[in-house]
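In what follows, a single structure is set out as structure tokens and then discussed.
The values are calculated or read from the model by the stated rules, or taken from the named source; none is laboratory data. Everything numeric in this text was worked out from a predicted model, so none of it was measured. With ideal geometry, Cβ positions are generated from the backbone for all residues, glycine too; neighbour counts draw on all protein chains shown. Ligands, DNA and RNA are excluded from the accessible area calculation, which covers all protein heavy atoms including side chains. Shrake-Rupley method; radii C 1.70, N 1.55, O 1.52, S 1.80 Å.
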Amino acid sequence: MKPIKRFHHRRTSYTLTVVMALITALVSSCSFDADSLLIASPTPVPPPLTSTQNLPQAMVAFEVTVPSDAPAGAIGLELLDEVTGLALNPQRYTLVEEDAGLYSIEMPLPIRSVIKYRYLHQGQSLAIEHTASGSQVRYRMAVIEGPMVIQDTVAAWTNFRYNGPTGRVRGQVAAAGSNTPVSAALVVCGGSRTLTASDGSFLLEGIMPGTHNLVVYSLDGAFHPFQQGARVAENASTPAFIQVTPTSKVNITFVVKIPETNIEGLPVRMVGNITDLGNTFADLEGGLSVVASRAPLMSEVSKGIYSLTLELPEGLDLRYKYTLGDGFWNAEHTIDGLFRVRQLIVPGSDHTQTDVVDTWKSGEAAPIIFSLTVPENTPRDDTISIQFNPFIWTTPIPMWPLGGNRWVYVLYSPLDMVTNAGYRYCRNDQCGSADDLATRGLSAAGHPFTAGADEQTIQDQVQEWAWWSTTLPPTTIIAPEIKPRDGYIAGIEFSRNYSPTWQPYYQKGIQNAQSLGANWALLTPTWRYTRLTPPVIESVPGQDQLWQDVRQSIQTAQQAGLKVGVFPRLTETQPGSVWPEPIYDTGWWLNWFDRYRTFVLNFADLAEQTGAPMLVLGGREVLPALPGGMAMNGEPSGVPPEALENWFSLLLDVRDRYHGQLAWALPYPDGMDTLPEWIGEVDLIYVLFSAPLANSPSPAEGDLQLAFGDLLDQDLLPIFEQFEKPLMIGINYPSADGSATACIPTEDACLEFDQLSQPMADLPGVSLDLDEQASVYGAVFNAVSQRDWISGLFSRGFYLPAALQDKSSSVHGKPAADIIWYWFPKLIGQ
């Protein structure tokens, strides 16, 4: 390692860091005095981690090349803390220019640490590093193996875009020894990141040419981190075939003594940098990454002493803290008021780690007690959450139940940083959806509070929950004698929207679906387009359910006695952004089929591994990629002639890796113009049905039944007779006025029903109509029961985290659920 000068560094004041960084995380820019980044210190020092292991340190040099045409200004290095929140507790250092465009710094860091960092630019304002593709760098990663030089190349900043050539890194990650593919591993290079697919493959597109550090990291620590340098060339692919070493598990018992308080039995959680400790590896509300309700609760073994035993991977660089909330709110602090982050390199044998929490407070401000009474009609198994808004709403935190519809939460910190803020209450962490009516909606300001020297108690009462009432009139059910069907599929299809705050409430939601008499659950995990030219389709943490979470959801449904189907869905960042007009670029289509194949096979492998008996492909989002597909402007999409061969090849690949039933999702009426030639090759046909059943408002249920029956007989019966495949119907009708016409009018066109799904913002121009949805369901069941050629029925769009009587297609908590509850058990003979 070549000798490098020692440089100055500064650790900014924590109050200023929080204010600046929260805004930076949200708008990627802020006005900031130049001195806020640069304060002299004799020698760079490592970040303030609490460790009892006396870890040896190594001198690590960071060398970064910045664009020659970048604006003038200082270059900084930011070490990040994902447990507290990337935006909330950074340690910042100033680099020194060695040559034109080359900056460096050397500092001591603990050996075997895994650090997360990025570069800053300080001109008139502080700018966060961006990738060549224009997205903000979440973090780079480095594994500290000993004295080393880390070489990086920066493409852009918030205030400076990159317009030059790019390359890509394409590779595969496999387990050393067995060569088994490693799925859902985080790959970070050049400020870009992605997750490996089920076959271990990954693609990082749009990386600036130059030298970068590439790291492969297991989200749960199942494999040791891997690191190597990667040289990316212009318009070229850098191959990276990587083997990672599996870890062995040991039992680590954490025993912690907490400060004395006037509240007994406090719910103490342990949060950390792995998925098992609440880390979502996502940019959540307010710059946080940890979700409190996903982190484990500790057990109080004696007064003020708590314990938790975890099975952890040996060698893991565990960053953790104890908390009464999440990594930011109500987390432990040092005596001098700083955030405490602990570090443990997990040893190779069972171990007991003993810790002491100095304080929950971060300054002189006294605790604030939030005492809440909720309505009698609050669902019995709901958890009440509190959400804080220092500058923007942050991730909700579960309150503490007192019984008798009373809940409490005591806020200790960081009240020195956030003296004035807002708060509100919601059900099951679903703030913005399942709100207190008084503070309803994504943009609600909430109630204000001000911290002070005196302890204060805020007494609140939720008068009414948004979208919730138990005083609805009884549901009228008109039904003939119902004959049970052998093998009938009575299913609930879950909403494809997702937030990591949903996961802790999946079990309750699935149990609710099962209580309606369903015998099938259809999960709809998503990947999304993160780039259009060339197209990149991948999983984005925080927006798409992680591989591990999908597995858990499948297993939860299976444990509830439901058969599980997997229906992977593609999501566009902006609706209509992918095929607004024809695409005639053959290379674009080759890339699309390559990425789509990876997407489909990822979930085929997941369905096979979990024993899910049904895999559903297709859907409205792939119609332009089918032979004869149309773009949104009504012209042929430009799909090449070899598309038919690509689709047949894909089905063969799926059959080779998945041995359950394969279904094709056929949108009706959109997908009826040209039926795919391979429908005869699948096992079932799943018709996605949201066609018009009426021409006027307030239709009678009998008229709806006749209209639905006519459509079945005219359009779907011929398909059944032609292909002789079991045919299932999935119905999607929101509880909004006009849904039976399949056109809820907006200014320019009919509203897409997905725009009413949670957690989308409410549309005041759309009227709630629970009865219309119930009438549609009654008509559908009556019509379907008279046609024994229909093998199953799914209710689509079910919102798992909470029962809501909103305008969406979800029936969870609505009168339409009563219709399902009446029909499903009888159809399946229960």
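Summary of computed values
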read-out	value
Å² per residue, accessible surface of the range 462-592 at 1.4 Å	42
Under-5 Å amide H pairs with residue 489, H placed in peptide plane, nonlocal only	792, 793
Linear extension gain, residue 99 paired with residue 585, 0.36 nm per residue minus alpha-carbon span	170.7 nm
DSSP bridge orientation in the chain - percent antiparallel, rounded to nearest 5	65
Computed E for residue 767/residue 477 - FRET, C-beta separation, R0 35 angstrom, nearest 0.05	0.90
Fraction in percent of alpha-carbon pairs per bin - 10 Å, the range 323-366	25, 45, 23, 7, 1
Candidate residues 498, 584: accessible-area rank, largest first, probe 1.4 Å	584, 498
Normalised convex hull volume, the range 247-379, alpha-carbon set, Å³ per residue	149
Equivalent ellipsoid semi-axes - Cα gyration tensor, the range 45-132, angstrom	26, 16, 10
Accessible area of residue 269 in the full protein assembly, 1.4 Å probe (Å², nearest 10)	30
Sum of side-chain charges, residue 253 neighbourhood, beta-carbon under 13 Å (Lys, Arg +1; Asp, Glu -1)	-3
Amide H contacts of residue 415 (H built 1.01 Å from N, under 5 Å, at least 5 apart or other chain)	362
Sum of side-chain charges, residue 161 neighbourhood, beta-carbon under 15 Å (Lys, Arg +1; Asp, Glu -1)	-2
Pairwise label distance in nanometres, residue 391 with residue 371, each label 7 Å out on the Cα-Cβ vector	3.4
Calculated log₁₀ intensity ratio I(q)/I(0) where the Debye formula runs over C-alpha points of the range 61-106, q = 0.18 Å⁻¹	-0.60
Förster radius 51 Å - calculated FRET efficiency between residue 299 and residue 710 (Cβ-Cβ, nearest 0.05)	0.25
Global size of the range 334-421 as Cα Rg and Dmax, reported in angstrom	17.4, 52
Beta bridge orientation in the range 684-793: antiparallel %, DSSP, nearest 5	20
Residue-by-residue Karplus 3J(HN,Hα) for the range 203-219, coefficients 6.51, -1.76, 1.60, Hz, glycine and proline x	9, 10, 9, x, 9, 5, x, x, 9, 9, 8, 10, 10, 10, 9, 8, 5
The range 275-298-the range 522-580 distance, computed between alpha-carbon centres (Å)	20
Crossing angle, helix 586-610 versus the chain [Cα axis fit, 0-90 degrees, rounded to tens]	90
Whole-Hz ³J(HN,Hα) from phi, Karplus 6.51 cos²θ - 1.76 cosθ + 1.60, for the range 423-430, glycine and proline x	8, 7, 10, 7, 9, 6, 6, 9
Radius of gyration and maximum dimension Dmax of the range 163-281, Cα, Å	19.0, 64
Within straight-line cross-link reach of residue 361, lysines at Cα separation under 21 Å, skipping those fewer than 8 residues along the same chain	257, 303, 321
Modelled FRET efficiency - R0 25 Å, residue 459 with residue 255, Cβ distances, 0.05 increments	0.10
Heavy atoms of residue 489 accessible to a 1.4 Å probe, total area in Å² rounded to 10	10
Paired Rg and Dmax values of the range 621-720, which use every Cα atom, in angstrom	16.5, 50
Tensor-based shape of the range 496-611 (alpha-carbon gyration tensor, a/c under 1.5 rounded, otherwise prolate or oblate)	prolate
Percent carbon-and-sulfur accessible area, the range 78-181, ignoring ligands, DNA and RNA, probe 1.4 Å	45
